[in-house]
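Okay, so here's the structure we're looking at.
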Amino acid sequence: MFLFKTVKDLHNFVTLYREKGNTIGFVPTMGALHEGHLSLIRQAKKTCDYTVCSIFVNPTQFNDAADLDKYPRTITADTDLLTSVKTDVLFLPAVEEVYPPDLDTKLTLDFGQLDQVMEGAFRPGHFEGMAQVVKRLLDIVQPDQLFMGQKDFQQLTIVRSMLQQLAMPIELVMCPIIREKDGLAMSSRNRRLPAADRQSATLISQTLSEVANQINEKTPTVLIKEAMETLHIPAFKPEYFAIVDGYTLQAVEDFRESDFVVACTAVWVGEVRLIDNKILKQPK
Ligand code: AMP
């Protein structure tokens, strides 16, 4: 695996390989890698000639400085994992490489309601920072395909809007959520869960599955109310449980309203904030 730390080196590599007619797949991450991330790399390797993975803990998307400080950093283990799945390139830039002082990387895109609801309502500025870093990384890597996880469904929806608004010729590929055996969605944050909380955290995916099983019997309003009640256990603080249209992210009042419906939730489990979602109706 090649390791590049500067924009210049990465750019030279990608330009050379592209000139030879190769396609580039890109998997942006914040490190502390797990099987979820590796599934994106595997998917990229299936369809692209070269796969670039970036590890960059982006300061501009953290609205909470303590969260940024506590974000796990495990670069040695990450490098081993990336090597084990035969990643071609690891891009590991410092903050100054991504945000040089003389470069204006701020974006002024309007995402309408997409970045106002759910995560947007609870993490002000988060999506602005996320879109800023994804745009910057895409400008550097210039991939043909971008691989992102359904795990961060709202993030992916906003990136899709950004690609459309900027007419960037990049295909966005959504990869399914990889879960632990007991259903907990894999996340870099899971490693911060104490054992008891780790066990209780399975309630999140269980609740999403229960909701999915009842869409023919109950309305979204009733299901949301019941899910919020289920998630109100002592160690938990559910922030939201929403049932939304998968394109607009607006609340769905009736399951017949939309052919693409997703249940999304964010729950504090002790000190750790976890998100998860489940597609309730899939477009044909
Ligand atoms: P992160 O390092 O958390 O920024 O995630 C990097 C990419 O990995 C994003 O596109 C995530 O949606 C994706 N990802 C994170 N967890 C999972 C998972 N459990 N299954 C599939 N993709 C995931």
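Here, each number is a calculation from the coordinates, and none is a lab measurement. Values in this document were obtained by computation on a predicted structure and should not be read as measured data. FYI the Cβ positions are ideal-geometry reconstructions off the backbone, even for glycines, and counts take in every protein chain you see.
Of the residues making up the range 247-284, those that are within 20 Å of residue 214 (Cα to Cα) and of a type in the set (Gly, Ala, Ser) number 3. Exactly one residue among 3, 16 is away from the ligand (no atom under 16 Å from the Cβ) and part of a strand (DSSP E or B), and that residue is 3. Taking the criterion of being of a type outside the set (A, V, I, L, M, F, W, C), more than 7 Å from the ligand (Cβ to nearest atom) and part of a strand (DSSP E or B), the residues of the range 24-60 that qualify are 25, 50, 51, 54. Every test in (1) among the hydroxyl-bearing types (Ser, Thr, Tyr); (2) touching a strand residue (DSSP E or B) at 6+ places or on another chain (Cβ under 8 Å); (3) surrounded by fewer than 20 Cβ atoms within 10 Å (Cβ to Cβ) is passed by residue 71 save one, and that test is (2).
Yes/no per residue for (1) over 30 Å from residue 73 (Cα atoms); (2) surrounded by 15 or more Cβ atoms within 10 Å (Cβ to Cβ):
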position	(1), (2)
183	no, yes
186	no, yes
198	no, yes
211	yes, yes
222	yes, no
225	yes, no
231	no, yes
260	yes, yes
275	no, yes
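When 133, 117, 141 are screened for being within 12 Å of the ligand (Cβ to nearest atom) and of a type in the set (Val, Ile, Thr), only 133 passes. Residues in the range 16-43 that are among the β-branched types (Val, Ile, Thr) and either free of Cβ contacts under 8 Å to residues at least 12 places away in the same chain or under 10 Å from residue 53 (Cα atoms) (or both): 27, 29, 41.
Only one of the numbered conditions (1) in a helix (DSSP H, G or I); (2) more than 12 Å from the chain's Cα centre (by Cα) is violated by residue 124, and that is (1). Candidates 198, 189: the one that is under 17 Å from the mean Cα position of the chain (by Cα), of a type outside the set (A, V, I, L, M) and more than 25 Å from residue 46 (Cα to Cα) is 189. Residues in the range 270-281 that are over 19 Å from the mean Cα position of the chain (by Cα) and more than 17 Å from residue 219 (Cβ to Cβ): 270, 271. Within the range 144-171, the set of residues being within 15 Å of the ligand (Cβ to nearest atom) and part of a loop (DSSP other than H, G, I, E, B) comprises 170 only.
For the range 206-220, residues that are touching a residue at least 40 places away in the same chain (Cβ under 8 Å) and either over 16 Å from residue 243 (Cβ atoms) or among the aliphatic types (A, V, I, L, M) (or both) total 4.
Among the residues of the range 142-156, those that are over 19 Å from residue 262 (Cα atoms) and buried (at least 23 other Cβ atoms within 10 Å of the Cβ) comprise 143, 146, 147. Listed by first and then second residue, the pairs with beta-carbon distance under 8 Å, at least 6 apart or on different chains, first residue in the range 148-163 and at negative phi and of a type in the set (Val, Ile, Thr), second within 7 Å of the ligand (Cβ to nearest atom) and outside any helix (DSSP H, G or I), are 159/148. For the range 174-197, the set of residues classified as near the ligand (Cβ under 10 Å from one of its atoms) and of a type outside the set (Ser, Thr, Tyr) consists of 174, 175, 176, 177, 178, 179, 180, 184, 185, 186, 189, 190, listed by residue number.
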